[in-house]
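Any read-out appearing in this document is the output of simple, stated calculations on the displayed coordinates, not a laboratory observation. Model, not experiment: these values are computed from the prediction. Here the Cβ positions follow ideal geometry from the backbone for every residue, glycine too, while neighbour counts run over all protein chains shown.
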Amino acid sequence: MKKTVSLILCAALLCSVLLLCGCGDKAETLTLNVYNWGEYISDGSEDSFDTVAGFEKWYEETYGVKVHVNYDTFASCEDMYAKLSAGAVSYDVIVPSDYMIAKLREENMLLPLNFDNIPNYKNISEDFKGLYYDPDNAYTVPYTYGVVGIIYNANAVDEADAGSWDLLWNEKYAGSILQFNNPRDAFGTAVYKLGQDVNSTDRADWDRAAEELKAQKPLRYGLVMDEIYNLMESGEAAIGAYYAGDYFTMLDAQAEDVDLRFYYPEPTNAYIDAMCIPSCAQNKELAERFIDYMLSEEPAIANAEYTYYASPNRVVFESEDYREEMGEEVMEILYPESGDFAADYNAYAYRNLDAATLDYINTLWESIKIG
Amino acid sequence: MKTKATRLQRLLLYPYGLWAILFIVLPLAFIAYYAFTDSSFAFTTENITRFFTATSSVTAGDGSVSEVRTYLLIFARSLKLAVISTLVCLLLGYPVAYIISRCDSRLQSSLITVIMIPMWMNFLIRTYAWMTILQDTGILNSAVTALGLRPWHIIGTEGAVVIGMVYDYLPYMILPIYSVLAKLDVKLIEAARDLGCSGASVLRRVIWPLSLPGVLSGVTMVLIPSVSTFYISQKLGSGKFFLIGDAIEGQYVANNLHFAAAIAFIMMIALLTAMALLRALADRKATGRS
Amino acid sequence: MKTASKIYMTLAFVFLFAPIVIMLIFSFNEAKSLSVFSGFSLKWYRELFRDRETLKSVKNTLVLAASASGISTLMGTAAAVGMMKLRSRRMRKAVDTVTNIPMVNPDIITGISLMLMFVFVGRIFGSATSLSFATMLIAHITFCLPYVILQVIPKLEQMDPSLSEAARDLGCTPLRAFFLVELPEILPGILTGAIMAFTLSLDDFVISYFTAGNGFQTLPIRIYGMTKKTVTPKMYALATLIFFAILFLLILSNVAERKGEEK
């Protein structure tokens with residue numbers, strides 16, 4: 001038996017040697033390094049469009065040069081920041097969230113974009129220009145956006161109790177309430193419930209929010225991230241806050257005796273994930289071409305359909321095919337009617353806080369978790 | 001002749017020695033450096049002090065509020081879960097290793113390989129599968145309810161975290177024990193039997209002491225990853241168990257590398273000391289018996 | 001085996017393979033869910049083979065595990081042999097202690113500390129990317145080494161030293177004596193060490209995560225990246241395939257061994 005295993009080991013070792021040798025003859029090919037959230041791009045699964053392959057093909061056809069995309073994924077903005085700020089890796093395109101973009105910009109870790117290479121930027125809706133993290137529209141091109149909302153199982157939760165953040169603290173549903181397992185989003189729910197300023201630097205505000213989260217403890221099923229999918233789909237938990245588009249993924253897979261519903265409490269957090277070029281980029285022009293390609297019709301629609309998140313791209317949400325594919329209910333939730341998105345967003349969005357406040361929040365978070 | 005051979009064999013140690021200095025010892029210097037500096041790399045002991053003095057208020061089940069030392073409590077809890085998991089692994093794994101070592105040799109290697117197979121599937125995925133099994137609406141409880149029993153709430157309890165750790169690290173307990181037991185001279189056991197030892201006392205007086213080096217390896221291999229795990233506690237403990245691994249990961253994610261290094265530094269010192277003690281104890285026991 | 005032993009082993013294997021069975025079942029799920037089974041479908045297998053990035057990460061994982069286990073087995077075995085010959089007790093103790101460090105160190109620390117060091121060295125040499133396949137390989141070799149050494153040392157300790165002495169007295173060169181006498185004795189330990197190193201490297205997530213460079217993403221890192229958008233049954237399909245591949249190889253080798261014995 002051990003012989004077999006050793007044989008496998010030897011074979012694999014041989015492969016790796018061959019592989020390393022094989023790398024030599026790729027000199028003519030350009031390389032683009034992309035760093036994005038996991039499962040955040042249409043990758044050819046379920047008969048969708050393979051964006052990365054599409055770009056490689058498009059670039060070769062348009063410019064006559066072969067390009068190879070190294071596509072890596074991260075689990076959270078903070079992970080990405082840690083790697084990037086350490087100078088450990090170099091990527092040409094990254095897709096962080098708004099608050100992280102603000103931080104990267106403050107630390108001069110982003111390069112201004114040359115929009116001559118991104119003609120498709122005209123597709124971006126005016127609502128997504130002049131936002132706080134990039135007031136002069138110099139560094140970023142928005143990729144997706146969304147709003148945090150509450151998902152509940154209508155077979156277990158009384159319709160009358162729904163509508164606000166209070167549902168996450170409703171004692172009737174003790175033991176089946178889910179809370180975010182990251183300090184930023186968890187504190188967000190408590191702060192919005194209290195009606196406080198989510199960007200406060202006053203420690204007393206965060207103390208009050210921490211008290212709310214501690215009071216929620218006996219009611220909670222647990223603190224979760226992506227486990228929420230399993231728990232809501234199977235009816236194991238009945239109430240949880242998560243990102244809007246993901247509700248539909250759960251809806252598609254819910255068990256027979258589960259009836260998932262969704263609503264936006266007021267106020268809540270809108271977030272934007274945008275493409276930018278970090279200062280360590282090796283090939284800026286190629287990166288801009290990639291961003292441009294992501295804004296063109298086919299990949300943009302494919303990505304919006306794949307991620308189930310809302311797109312700031314007019315070509316997407318004005319597309320008849322896309323609207324039909326999504327359906328009326330989905331469109332209503334993903335693209336809620338709002339008067340002036342930019343003004344609301346700049347006023348209410350959860351921004352990047354100063355280091356001292358973040359550290360304080362983190363300490364509070366630890367005391368909540370051990371309590 | 002003999003000294004030359006010995007010197008030659010000792011040379012074999014050099015590549016590893018160089019490697020160990022560069023990639024084992026030197027990185028530790030970086031941890032110490034970070035643990036004793038602040039974000040502008042000026043010397044400070046604040047990170048270390050914070051570990052021992054930071055407090056939080058904890059509300060007990062009956063509503064009473066008490067002040068606790070945050071990180072000492074976290075460390076104690078992690079240690080408790082890790083020790084339980086290690087003991088369970090030892091209790092479950094020792095008989096498995098023993099039974100395998102008594103099979104005929106072809107079966108032995110098959111069985112050992114079969115034990116390793118689950119580890120070739122990624123542990124993140126295996127932990128997901130355990131969530132499906134242990135949930136209130138999961139496979140186990142469906143079976144329990146079908147038998148007409150009361151459903152059993154496991155997920156999000158200490159039990160679930162222990163199950164996850166035992167599952168993930170059990171092979172690392174079985175393997176070293178097995179590899180020592182398989183080498184055991186059968187004649188020793190036969191001799192003990194001939195001298196009138198009962199099965200139990202052969203086990204206690206002959207097999208167990210001789211297998212101690214394997215047991216020690218196994219305990220190390222299980223205890224260390226269980227103390228520092230953060231994924232299992234997050235997933236199977238429903239985020240309710242905040243272990244020392246979670247604390248380090250949390251500080252890292254909060255971009256607080258210096259304090260993360262300080263927690264790591266203290267934990268490292270504690271674990272190194274504990275392991276050295278355990279080793280000394282085992283050494284004394286082994287020499288005392290022979 | 002006695003009946004009691006058989007029952008015990010069966011229970012142990014049920015425990016070890018319960019999650020594998022779950023993976024197997026849910027890899028055939030129609031819906032994109034790991035907890036609600038809605039119908040039989042082969043779609044996730046089809047998806048898996050279309051997913052270039054996942055297949056690439058599987059390949060990367062295997063390449064890394066094979067290289068790391070190969071190198072650490074060679075170096076670790078050599079080190080173990082050398083360690084046994086150390087005369088000074090204090091020296092032996094020092095080497096033992098250093099060897100134990102990667103095991104007594106939580107992997108998160110091994111990962112962070114190596115990353116800090118690589119980045120530091122990278123800055124000195126002014127390279128834009130201080131992490132690469134090489135740094136990841138170094139990290140994997142580093143944490144695999146003690147496991148190999150710990151498997152080989154007990155074998156060497158159990159070995160009768162007079163055996164190799166006798167061989168040399170009979171005129172063997174030290175090298176010949178090693179290959180003829182010592183190696184066969186410690187081979188089971190070396191193989192177990194190699195398999196453990198391979199398995200550990202395959203299973204590792206944390207250390208890879210910190211030391212991974214551009215464009216060399218392993219499977220665990222890719223799975224962890226799905227923490228916001230959830231793991232799909234596609235990953236279960238992958239695990240199921242790995243399982244059957246190993247099972248197939250095992251049966252094949254069993255048959256081959258039988259045939260070899262008949263001849």
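Worth pointing out:
- The amide H of A:Lys66, built 1.01 Å from its N in the peptide plane, has A:Leu30 as neighbours under 5 Å, considering only residues 5 or more places off or on other chains.
- Under Karplus coefficients 6.51, -1.76 and 1.60, residue-wise ³J(HN,Hα) of segment A:237-247 in Hz, glycine/proline x: 10, 10, 9, x, 9, 7, 7, 3, x, 5, 4
- Low-density loop cleavage sites - GluC sites (Glu not before Pro) in segment C:178-263, where at most 10 other Cβ are within 10 Å (DSSP): none
- In plain terms, the chain from A:Glu285 to A:Thr62 could stretch by 78.9 nm, reckoned as 0.36 nm per residue minus the Cα-Cα distance.
- Shown for C:Arg52, B:Arg126: other C-beta atoms within 10 Å of each C-beta, ranked fewest to most, produce the order C:Arg52, B:Arg126.
- Taking amide H atoms as placed 1.01 Å from N in the peptide plane, the amide H of A:Thr73 lies under 5 Å from those of A:Asn36, each 5 or more residues away in sequence or on another chain.
- Each label was represented as a point 7 Å from its Cα along the Cα-to-Cβ direction; for C:Thr173 and B:Arg50 these points are 6.0 nm apart.
- Calculated translational diffusion coefficient of segment C:1-41 (10 °C, 1.306 mPa s; Stokes-Einstein with Kirkwood radius over alpha-carbon pairs) equals 134 µm²/s.
- Two-decimal ratio, segment B:90-171, of alpha-carbon radius of gyration to 2.2 N^0.38 Å: 1.34
- Most simply put, the protein assembly as shown has about 65% antiparallel DSSP beta bridges, counting only bridges with both residues inside it.
- FRET efficiency for B:Ala60 and B:Leu87, using Cβ-Cβ distance with R0 set to 30 Å, rounded to 0.05: 0.65
- Mean residue ellipticity, 222 nm, helices only, chain C: the sum of -39500 (n - 2.57) across DSSP H runs of n ≥ 4, divided by residue count and rounded to 500, is -25500 deg cm²/dmol.
- Grouping the Cα pair distances of the protein assembly as shown into 10 Å bins from zero gives a pair-distance distribution of 2, 11, 21, 25, 21, 12, 6, 2, 0, 0 percent in increasing distance order.
- Segment B:Asp194-B:Trp208, extension gain: residue separation times 0.36 nm, minus the distance between their alpha carbons: 3.2 nm
- Alpha-carbon Rg with Dmax, taken over chain C, Å: 22.7, 72
- 12 Å cut-off, amide nitrogen to a point 7 angstrom out along A:Glu28 Cα→Cβ, residues in segment A:54-95: A:64-67
- Residue among A:Leu178, A:Leu223, A:Leu168 with the largest mean-square fluctuation in a Gaussian network model of chain A, springs linking Cα atoms under 10 Å: A:Leu223
- GNM result for chain C, Cα springs below 10 Å: residue of C:Thr218, C:Thr240, C:Thr54 fluctuating most strongly: C:Thr240
- Pairwise FRET efficiency - A:Ala160 versus B:Phe43, Cβ, R0 = 60 Å, nearest 0.05: 0.50
- Whole-Hz couplings from phi, Karplus 6.51/-1.76/1.60, listed for segment B:171-178; x for Gly and Pro: x, 6, 8, 5, 4, x, 5, 4
- Taken along its principal axes, the alpha carbon cloud of chain A reaches lengths of 65, 63, 47 Å, longest axis first.
- Result for chain B in a Gaussian network model with C-alpha springs under 10 Å: among B:Leu278, B:Leu212, B:Leu149, the largest mean-square fluctuation is at B:Leu149.
- Between amide H atoms placed 1.01 Å from N, distances below 5 Å from A:Met275 occur with A:Val141, A:Tyr143, all of them 5 or more places distant or on a separate chain.
- Convex hull volume per residue in cubic angstrom - Cα atoms of segment A:285-371: 198 Å³
- Net dipole in debye of the protein assembly as shown [+1 Lys, Arg Cβ; -1 Asp, Glu Cβ; about Cα centre; nearest 20]: 7000 debye
- Coupling constants for segment B:187-204 follow from the phi torsions by the Karplus curve (6.51 cos²θ - 1.76 cosθ + 1.60, θ = phi - 60°), and in residue order they are 5, 4, 5, 4, 4, 4, 4, 4, 7, x, 6, 7, x, 5, 7, 4, 4, 6 Hz; glycine and proline get x.
- Hydrophobic, long helices, defined as DSSP H runs whose alpha-carbon span along the helix axis is 27 Å or greater and whose mean Kyte-Doolittle value is at least 0.0, occur in chain C at C:3-26, C:52-84, C:133-158, C:183-203, C:233-262.
- Likely footprinting exposure, C:His140, B:His258, fewest C-beta neighbours within 10 Å first: B:His258, C:His140
- Residues B:Tyr252, A:Tyr229, A:Tyr121, arranged from fewest to most other Cβ atoms within 10 angstrom of their Cβ, appear as A:Tyr121, B:Tyr252, A:Tyr229.
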